[in-house]
Amino acid sequence: MFTRPSRIANRSRSRKPGRQKEQQPRPDLRIWSMLSMALLGGGLMVASLAGYGLWRTGDQFMEGVKLMFTPNPPEDKVDARTLIVEQVQGASELTTAIFSMEAVVPTESNRTVGNYVIGQTNLLYIAHGEVRAGIDLGSISEENIQVINDGQELPPSLVITLPAPKILDSKLDVTRSKVYDYDRGFLSLGPDRAPELQALAQQEALKRIRQGACDEGILTMASERAEVTMRQLIEPLGYENLTVKVAEPESCP
């Protein structure tokens, strides 16, 4: 009865060494696990270094990323005539001639009874005025500008046709103008019309000053100086071969 247990025990003892051999890990699995750990450690180290570099140069790094993913801006081209028109119109008006003149204007007003003059008022006004002549640059358009490009090596030529000069402004210098004499006559029988006579004298003085400027050739002078002034305005844009033409002025009022 006691022989069977001993056999079973012997059998179990004889099988234990075989099971222990089966439970031992394989050498190739150890190598792969070591390689995985090494790769993971290397990746963590690279990530740490990248994070440290990003922290030290964060702005530069972000700018580099933006430049990598930002497309180049499109190349815009602008007609040279448009640039010149904008440059010229920025001055609005080009004053090229100024005429100053003094005018002495007498005025009078009579008091009458029927057909008889019983009193007279005289006013003498000395006026100082100024007349400006030039070109209205606001009327210049692309049709007034011609760009000639004969060759790629030579700079382009530019031909500008300016409008005719005209009188831009005329005014009296009220700080220098004055009433020189005001007389209502015998017993001051003349009408007291000082403001009205002064206003009339100023209007007449302004007409005389404008006419004097025209007689002195202010429009011709403005046309001659317009070419020089326009060259000074356009040459900084890079056009060396520049031709400026000025239309003939109309009759001066």
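Tabulated values for the structure
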read-out	value
Euclidean distance between Cα centres, segment 174-218 to segment 105-136, Å	4
J(HN,Hα) series, segment 107-122, from Karplus relation 6.51 cos²θ - 1.76 cosθ + 1.60, nearest Hz, glycine and proline x	9, 8, 9, 10, 9, 10, 10, x, 9, 10, 8, 9, x, 9, 10, 10
Using alpha carbons only: equivalent-ellipsoid semi-axes of segment 80-246, gyration tensor based, whole Å	53, 12, 11
Long-range amide H partners of residue 119 with built H, under 5 Å	111
Shape call, segment 102-149: gyration tensor on alpha carbons, a/c limit 1.5	prolate
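Quick note: the coordinates plus some simple rules give every number you see, no bench work behind them. Predicted model only: the values in this text are computed from it and were never measured.
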